[in-house]
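What follows is a single structure, written as structure tokens, with notes after it.
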Amino acid sequence: MKMTAWRSFHLQLQRALRLRFGTIQSPTLLLFTNSFHSFTFHTTLQYAYFFTSNFQSASFTDLDDALASFNHVIHMDPLPSRVQFSRFLSALVKMKQYHTIISLSKTIELLGISHDIYSLSILINCFCHLHLVDFGFSIFRKILKFGLEPTIVTFFTLVNGLCKEGKINQAIDFFSDLVAEGYQLDVHTYTILINGLRKFGKTNVAIGLFKGMVERGCEPNAVTYTTIMDALCKDNLVVEALDLFSQMRNKGISPNVIAYSCVIHGLCNIGKWNQALALLNEMVVHNIAPNACTFTILIDNLCKWNQALALLNKMVEQNLSPNVISFSILIDTLCKEGMVLEGDFDEALALFKAMEKSLLEPDLMIYSILIDGMCKAAKINDAKELFCGLFENGLQPDVYTCCAMIKGLCKEGLPNEAYKVFREMEEGGCLLDNYYYNIIIQGFLKHKHIPRARQLIDEMLGKGFSADAMTNELVAHLLHNNDLILRKLENHSEDSKDGNVK
DNA sequence: GTAGGGTTAG
């Protein structure tokens, strides 16, 4: 995708340059040379203006480039207009340089260029991105105080800022005020609030708004539908999600890969594996290619796939009542961790290979899932191979990946290897928290590597973290056993009485 | 001529 966009940008650039200057041999090379700057444009800001207006693309290669341009133009006489400065700031928004924009806005103001509704909306947007929506509202109050007319974009930016900060009730109030004032809101605005509501578990309110938008003459699009379907699936209301899925298609709105993935995920979560696969086939028939997310959902569910429980369900389906023996077998299987955990790994690996073949680049998440799956299935060598393959693909493991690997190595009785990964994780700049300390400590405790466990417990406590329930239980268990051993050594005659001790 | 933005995987 990136390559396509880049290529199309160059084609547009070539066309534009030909129109302006006749045939140019190599516009790509000329683009970043100083001669090109001075030859073509009188000022750097005009250069920026040219590119943003024609290509709607970021005009600067990096922040230094942008700041150099800025420092250049503020010494010009006359100064660029407010419109030109807004275009410049807008390019910085695309580069997510929010702090810089706020600081440069002050400079622009000091140069005597007054704000307008556009520049103030840019500022509000920056504060919202920095999770400082209150600052955004103080600008909003200034807008009203100075008699400027806020637009739907200004309002929308604030609604989005409130949602981003989780101030969902305030977002609803603000939104309701806008509706009451008679502002015509568009599908994006509705979808943003619906998404905010969904994220904070207010699925019912989200559905209410979804219905309300139609009544107010605003038709939901594929993204709106997907947002609601995802909310329903996460609440295990997959049937309702499927209803909406049909509804959107009846309206002629084609579901995209995300819509399909959400519903497939919902079906997997309620164990409707066959229906999920049917939808996968359907999307392929409709020429909608599954992406890395879709594959991840499928692989993850294959890894979690619980043959034992599936078998139990099948028995119940066929009116065969599981008896005490069936349950004993199941419970025994469940106890033998690794047997029950979880799943059809050959198929999971086959999907992973298919994904690689379709030129989808595996990301860290998929590696973590597979490594975790392999470790749980006691396929430690496969897990190690995947862990190494990750580096070969230019990826750096994160806490999830390392954690899966550490757990697996500990479980396989390889605590020293796990310790190595743990330390490498620290050297790589990962923040070691309570969770990771407890996992590695439990690994050592389970294999009775007491000195190492003690060293790490001291280190963990020294950093202000604490042992979790499992670590405490293991320590207590070991202390108890040690006591027993001591007592056995001290008094042989007590030995027989300890027979009942668990 | 200048401002904003929504959906999927551990």
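Bear in mind these aren't lab numbers, they're just calculated from the coordinates by the rules spelled out. Owing to the predicted nature of the structure, the values given are computational and were not obtained by experimental measurement. All Cβ positions, even for glycine, are placed from backbone atoms using ideal geometry, and neighbour counts span all protein chains on display.
Peptide packing: for A:197-203, A:351-357, the average count of neighbouring Cβ atoms within 10 Å per residue gives the ranking A:197-203, A:351-357, highest mean first. Applying 1/(1 + (r/R0)^6) with R0 = 30 Å to the Cβ-Cβ distance of A:Ser358 and A:Thr61 gives a FRET efficiency near 0.40. Take the Cα of A:His480, step 7 Å toward its Cβ, do the same at A:Asn250, and the gap between the two points is 6.1 nm. Taking label points 7 Å from Cα along the Cα-to-Cβ direction, A:Glu385 and A:Leu431 give a separation of 3.6 nm. Protection proxy ranking for A:223-229, A:374-380, A:388-394, using the average of other Cβ atoms within 10 Å per residue and placing the highest first: A:223-229, A:374-380, A:388-394. Once the Cα-Cα distance is subtracted from the 0.36 nm per residue extended length, the A:Asn281 to A:Asp173 segment shows a gain of 34.5 nm. The Rg/Rh ratio for segment A:61-134, using Cα coordinates for both the radius of gyration and the Kirkwood hydrodynamic radius, is 0.95.
Straight-line cross-link partners of A:Lys463 among the aspartates and glutamates, defined as a Cα under 19 Å from its Cα and at least 8 positions apart when in the same chain: A:Glu424, A:Glu426, A:Glu427, A:Asp433. An ellipsoid equivalent to segment A:108-190, defined through the eigenvalues of its Cα gyration tensor, has semi-axes of 22, 15, 10 Å when rounded to whole angstrom and sorted largest first. Among A:87-98, A:147-158, the peptide with the highest mean count of other Cβ atoms within 10 Å heads the list, and the full ranking is A:87-98, A:147-158. When the C-alpha to C-alpha distance is required to be over 26 Å, the pairs from A:Lys199/A:Lys411; A:Lys376/A:Lys446; A:Lys96/A:Lys353 that qualify are A:Lys199/A:Lys411; A:Lys96/A:Lys353. Taking 0.36 nm per residue of sequence separation and removing the Cα-Cα distance, the A:Ala222/A:Glu149 pair yields an extension gain of 23.1 nm.
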